[in-house]
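To start, the structure itself, in structure tokens.
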Amino acid sequence: MRYYRESGEKMAPRYSEEVINQVLQANDIVDVVSEYVTLKKAGSSYKGKCPFHNEKTASFTVSPDKQLYHCFGCGVGGNVIGFVMAIENLPFVDALKFLARRAHIILPENGSSAEDSERYRKKERLYELHRELANYYYLCLKKNRNAQYYLAGRKITPETIKAYGLGLAPDGWQNALGFLRQKGYTDQEMLDSGLVMRSENGRMYDRFRNRIMFPILNATGRIIGFGGRRINEDDHGPKYLNSPETMVFSKGTELFNMNHAKSNIVGGQMLIVEGYMDVISLYQYGVRNTVAALGTAFTAYHAALLGRYVGEVVLCFDGDAAGESATQKAIAILKNTPLNVKILRLPIEDDPDTYIQKHGKDAFEKKVTEAITIVEYEIGLLRKKFDLSQTDGRIKYINQAIAVLRQLSDEVQIDLYSKRLARETGIDLKVIRREVYRKKPVDLTEEDVGEKIDYWQKMPKAYEEAQILFLRKGMLEPEVFKSGRLRAEHFSPGFFRELYELITGLFEKGEQISPAALMNHFEDVEQVKPVSAILMDDTPIESEKLEECIKTIMYFYRSAEIERIKQEISKASEEEAAVLMDKMITLKKEM
């Protein structure tokens, strides 16, 4: 048996076929994939939204009979080991170990290098240490009335305590230390966990003391760290304290409650909150598609993790200044992902925990439905910043709001927000749209062509040059249009499409295609510039070069059509999607 990397390079098996088959047989692919993707029965197979690319219509299929998965959208596929390799970003051996552990299979030690084997052993010991210490903290909580009263005061029920395995780190310097020593863990293993520390004089002591303990689980349900909440407000140290970075725990890549949230996704959406208590309180009220960052700023790794499960996230941070700051930092990360992002605004005195306890689940879920877009949020911040009753305030506001709209690529959104700004400020809609497109590196629609034309310089260079050369050839030799191989739709919307239609229109009417005749059709100086640049170039264009231009134009046209069809598929019925899929496959073949 041979396994291959994506590059095609052979990877020598480190385990026998017998061992690999044992792991495969012990891990049903539907069960494994279901831990990451919401699957629904579809005939003899299961379907869900692909975790490897952003899609709205489920094209990800899992076959229990064949024990294979395949996405008809992006083309990924394979067996259960390949799935784990892709979803967890693991090499083959680590994916095999992952599945072996899941099925309680002990792999032979000589199946990997001594270094890998030792690292694997250390990680397993750390996982087990965390599991045993979590049980210890849980029992400590059950015996401590004060800690129970504290949680009752926070309206946390016994059922929720059990669901999250909440515990108590007793007050004292060596409680966890003593327990772990009794369990046979070495000093080095305890220090590696970060749950026990060593002072400058060499004395070892517990990291967590007199704190409510929140076990932190990874997406596969293994305890990898702890968060501790101070019980006595007079105690020294931060209100919340987390485990440090270890071999099994990284704050920047893990999200609290992902193990629960991934199985409770609602409408392809997940909520992001700030703290443990927000997550737990929402869970208790029945809002269970919620995660929180672990005492660190939101990262690109967090966004990638969320993107495996959902297409949309709702940021629901505290209503105070710190919450606003956290929201803005998260937005900066999420803008660069395929995720659709919304922001839920809470009153300044509230966080998700206090809001849902005051107003209940229905009121909170209504807030979720009212969550605003990033653009609405950013423009709202600008509105607060400037005095719109003053002329200079309105000017500064509109200029900065336009800068926000320039970040958009969706023309429908641009149109919607431009109209809102026009109504709000009294500034002419055409002026706003012209300024939005002045520096936008995207194509305009035909309606926009009269507003601004210098955007064409920003398109792919090969597409731009091919259109320029073809149109220049057509101006000199109108007969090139007779073949009918290219039509207006093949040119990029805006300047090039309008120029093509203008030239062919003059040709069909039998009118002279001269520089003067062409220039008469362009009033704006910014439109004249590219036309004159084309007309001033006298470089001969050979037939081979013309053929190359046509192929290049068709390539980019088909690429755009494929993207358009993908969007239509996301909104289409199954029958319509099948027809569209055939069209897309045909276009890909033509390319």
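The values are calculated or read from the model by the stated rules, or taken from the named source; none is laboratory data. Small disclaimer: the values here were computed from a predicted structure and weren't measured. Virtual Cβ from ideal backbone geometry, glycine too; neighbours counted across all protein chains shown. We work out accessible area using only protein heavy atoms, side chains counted, and drop any ligands, DNA or RNA first. Shrake-Rupley method; radii C 1.70, N 1.55, O 1.52, S 1.80 Å.
A few notes on this one:
- Calculated mean residue ellipticity at 222 nm for the chain: -15500 deg cm²/dmol, from DSSP H runs with n ≥ 4 weighted as -39500 (n - 2.57), summed, divided by the residue count and rounded to 500.
- Each distinct pair of alpha carbons in the range 378-437 adds a 1/r term; the inverse of their mean, the Kirkwood radius, is 11.4 Å.
- Applying a 4.7 Å Cβ-Cβ cutoff to the chain leaves Cys74, Cys140, Cys316, Cys549 as cysteine residues with no disulfide-compatible partner.
- Rounded to the nearest 0.05, the FRET efficiency derived from the C-beta distance between Asn232 and Arg181 at R0 = 22 Å is 0.25.
- Scalar couplings 3J(HN,Hα) for the range 311-317, obtained by applying the Karplus form with A = 6.51, B = -1.76, C = 1.60 to θ = phi - 60°, are x, 9, 10, 10, 7, 10, 9 Hz; x denotes Gly and Pro.
- The residue list Tyr283, Pro158, Cys316 was ranked by how far each Cα lies along the charge dipole of the chain toward its positive end, using unit charges on Cβ atoms, and Pro158 comes out on top.
- Relative to the longest principal axis of the Cα atoms of the chain, the long axis of helix 574-590 makes an angle of roughly 60 degrees.
- Shape parameters for the range 17-103, alpha-carbon atoms, Rg then Dmax in Å: 12.5, 40
- Apportionment of accessible area to carbon and sulfur, the chain, percent (1.4 Å): 50
- Cut-off under 5 Å, modelled amide H: who pairs with Asn242 long-range: Gly228
- Amide H within-cut-off set for Asp350, under 5 Å, with H built and near neighbours excluded: Gly319
- Electrostatic dipole magnitude of the range 378-437 [Cβ: Lys, Arg +1; Asp, Glu -1; Cα centre; debye, to 20]: 120
- Of all DSSP-defined beta bridges confined to the chain, some 75% are antiparallel rather than parallel.
- By a 1.4 Å probe calculation restricted to protein chains, Arg207 has an accessible surface near 50 Å², given to the nearest 10.
- For the range 161-177, putting each phi into the Karplus relation 6.51 cos²θ - 1.76 cosθ + 1.60 with θ = phi - 60° gives couplings of 4, 5, 4, 9, x, 4, x, 9, 8, x, 6, x, 8, 9, 5, 5, 4 Hz, in residue order, rounded to whole numbers and with x for Gly and Pro.
- Each of Leu177, Asn201, Ile212 was placed along the dipole of the range 172-214 (beta-carbon charges, centred on the mean Cα), and the one lying farthest toward the positive end is Ile212.
- If you sort Arg154, Arg434, Arg121 by accessible surface, 1.4 Å probe, largest first, the order is Arg121, Arg434, Arg154.
- Unit charges at the beta carbon, dipole of the range 378-437: most positive-side option, Ile379, Leu416, Gly393: Gly393
- Calculated diffusion of the range 114-242, Stokes-Einstein form, Kirkwood radius summed over Cα pairs, 20 °C and 1.002 mPa s, µm²/s: 140
- Helix 495-509 and the longest principal axis of the Cα set of the chain meet at an angle near 30°.
- Subtracting the Cα-Cα distance of Gln567 and Asn89 from their residue separation scaled by 0.36 nm leaves 169.3 nm.
- Solvent-accessible surface of the chain, averaged per residue with a 1.4 angstrom probe and all protein chains in place: 51 square angstrom.
- With R₀ set to 30 Å, the beta-carbon distance separating Leu429 from Lys335 gives a calculated FRET efficiency near 0.70.
- Given the choices (i) 97, 71, 51; (ii) 77, 73, 68; (iii) 66, 63, 48, Cα extents along the principal axes in Å derived from the coordinates of this structure is entry (i).
- Coupling constants for the range 286-296 follow from the phi torsions by the Karplus curve (6.51 cos²θ - 1.76 cosθ + 1.60, θ = phi - 60°), and in residue order they are x, 9, 10, 9, 10, 9, 9, 6, 9, x, 9 Hz; glycine and proline get x.
- Computed E for Lys41/Lys143 - FRET, C-beta separation, R0 60 angstrom, nearest 0.05: 0.85
- Dipole in debye (nearest 20) - the range 258-370, about Cα centre, beta carbon charges: Lys, Arg +1; Asp, Glu -1: 480
- Net dipole in debye of the chain [+1 Lys, Arg Cβ; -1 Asp, Glu Cβ; about Cα centre; nearest 20]: 2120
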